[in-house]
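Inspection log for the structure reproduced underneath, given as structure tokens.
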Amino acid sequence: MKNKWLSLINLETKAYAHQWFFLAACGYAILIMPLTMLARHGYGPAILAVPANHAFEMLFGFALALIAGYLLGPMPRRQLALFLFFWLLARLTGLTNMATWLVLASNAVFAVLLAQQLLPRLWVAKKWRNRILAPLLGLICILSIAVSLISQSGHHELTRYLLGESVQLFALLMLFMGGRMLAPAIAGEFYRQGMELQARVQPRVEAGLIVTIIAAVILAPVSTSVSGILLITSGMLAAIRLFRWQLWHCLARPDLICLSIGYAWLAMGLIMLGSAKLDEHIHLGTAIHAITVGALGTLACNVLVRVSLLHTRQYPSHIAHILVITVCMTVAAMLRISADFSVYREILLAASAIVWSISFFVVLVILFSCLVREPIRKTAVDTSLLSMKTSKHNALR
């Protein structure tokens, strides 16, 4: 009883990382696309008019904030505030193109803090497939610093190359974490229906995904064709994994269907990326946006909503907005891809940016509604603590 009481008191002195970083990432996602479109026409932050800078902010700004929110868990408020301060400082100084050393330093400090907090915790996993998450995140953090440094040094070709390869690492991270989220949830729905899902995590397929994508990244400087074939293979493996989850039995669970749509974008994006590498990098940008807008956007929206709702003891399957968000994000991805093949490119790009922002605005509304419910949860904790104190006092009497 005493240990439980102390753990509840300790919990009250901490803050949940997802509440802070999810709000920050969501707000940033709402602004970044319109700002980029304005910059293209000379009205927004000039730095976003450069595609490499836009890509850096999407991957190492927006996506890294999502990782921090999802994996950091409860932390002391001061420590979490320090993490968020350096992330915000990097975003603000980067967009306003202030002192370049400050941009580099703030990005580096945030990446180092994140790696220092997460890597020891992830490295204790016993299975190599689980332990691979530690070096993967470590490499992403290193790339965050390296790309920022190389970009400041003026090596633009190398910057673009590293950003392109970073997309594959983020895709692997999404495949790993998306699979670990989907598999048990689908198995639980099967159990509720009186059935059993045989293919859950699918360790052999997951191992194949890890090996093919890492090999594709390593072999890219040696042979673009081999790298392309490996990426196509990884996309096919992801599609097979998704098919074996038999999601047609989960049509009553829109939250699982929407998550699987993001996973499907990953499979298609990897196949498109591999095909682009085989075709002398023609439509490489299109394939990258299938992953960053289609997969990252869809999975991010669903994870933001899902984690926040579950934290306040609400069921994601009961929120109709998830369908609206996912449909909007799918439309945004299709508009962005179509823009590369249309004479109305600028109109389609602007439409894609607007729909993207609308999706994250709806997510932001849901996140705020969850924050409103949080004081109710805290009140319940306080009531539990008071009850435990009273019980202990009566027992001593």
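Only Cα sites of the chain enter the Debye sum here, all with the same form factor; the resulting log10 I(q)/I(0) across q = 0.09, 0.10, 0.12, 0.14 1/Å is -0.55, -0.68, -0.98, -1.35, listed in q order.
So which residue, out of Gly73, Gly42, Gly274, gets the largest mean-square fluctuation from a GNM of the chain using Cα contacts under 10 Å as springs? Evaluated over the chain, the most mobile residue of the options is Gly42. Take Phe56: with every protein chain present and a 1.4 Å probe, its accessible area is about 20 Å².
Computed over protein heavy atoms with a 1.4 Å probe, the accessible surface of the chain works out to 47 Å² per residue. Relative to the longest principal axis of the Cα atoms of the chain, the long axis of helix 298-311 makes an angle of roughly 10 degrees. Helix 2-12 sits at what angle to the longest principal axis of the chain, using alpha carbons and giving 0 to 90 degrees rounded to 10? So the helix axis and the longest Cα principal axis differ by about 40 degrees.
Overall shape: prolate for the range 279-365, with the ratio a/c of the largest to smallest alpha carbon gyration tensor axis at 1.5 or above and a/b above b/c. What do you get for the angle between helix 254-278 and the principal long axis of the chain? Use alpha-carbon atoms, 0 to 90 degrees, nearest ten. That helix lies at roughly 30 degrees to the long axis.
The heavy atoms of Val365 present about 80 square angstrom of accessible area, all protein chains included, probe 1.4 Å. For Ile358, the solvent-accessible surface computed with a 1.4 Å probe is close to 80 Å², ligands and nucleic acids excluded. Sorted largest first, the spans of the alpha carbon positions of the range 172-328 along the three principal axes are 49, 32, 24 Å. Work out the P(r) tail for the range 91-214: percent of alpha carbon pairs separated by more than 25 Å, whole number. Roughly 41 percent, once rounded to a whole number. Sorting Trp245, Trp20 on solvent-accessible area from highest to lowest, probe radius 1.4 Å, gives Trp20, Trp245. Contact order, relative form, for the range 9-61: 17 percent (alpha carbon pairs under 8 Å, 6 or more residues apart, mean separation divided by residue count). Please return the longest stretch of the chain lacking exposed loop sites, where GluC sites (Glu not before Pro) count only if DSSP places them in a loop and at most 12 other Cβ atoms lie within 10 Å. It runs 1-195. Using 0.36 nm per residue and subtracting the Cα-Cα separation, the extra length available between Ser225 and Val365 on full extension is 45.9 nm.
Placing R0 at 41 angstrom, the Cβ-Cβ distance between Ala46 and Met195 gives a FRET efficiency of 0.15 after rounding to 0.05.
With a Förster radius of 45 Å applied to the beta-carbon distance between Ser338 and Arg313, the computed FRET efficiency rounds to 0.65. How large, in percent, is the carbon and sulfur part of the accessible surface of the chain at a probe radius of 1.4 Å? Reported share for carbon and sulfur atoms: 69 percent.
Evaluated with a Cβ-only charge set (Lys, Arg +1; Asp, Glu -1), the chain carries a dipole of roughly 1820 debye about its Cα centre, given to the nearest 20. Placing a label point 7 Å from the Cα of Trp128 along the Cα-to-Cβ direction, the residues of the range 181-204 with a backbone N closer than 15 Å are 203-204.
Taking each DSSP H run with n ≥ 4 as -39500 (n - 2.57) and averaging over every residue of the chain yields -26500 deg cm²/dmol at 222 nm. Across Arg91, Arg313, Arg78, the residue with the most accessible area heads the list, and the full order at a 1.4 Å probe is Arg78, Arg313, Arg91. How many angstrom lie between the C-alpha centres of the range 81-140 and the range 149-221? About 19 Å separates the Cα centre of the range 81-140 from the one of the range 149-221.
Between Leu299, Leu278, Leu270, the residue with the greatest mean-square fluctuation in the GNM of the chain (Cα pairs under 10 Å linked by springs) is Leu278. Label point of Gln79 set 7 angstrom out along Cα-Cβ; within the range 121-150, amide nitrogens under 16 Å from it belong to 121-123.
The values are calculated or read from the model by the stated rules, or taken from the named source; none is laboratory data. These figures come from a predicted structure and were not determined experimentally. Methodologically, a virtual Cβ is constructed for each residue, glycine included, from the backbone with ideal geometry; neighbour enumeration extends over all protein chains shown. These accessible areas exclude ligands, DNA and RNA; they are computed on the full protein's heavy atoms, side chains included. Shrake-Rupley method; radii C 1.70, N 1.55, O 1.52, S 1.80 Å.
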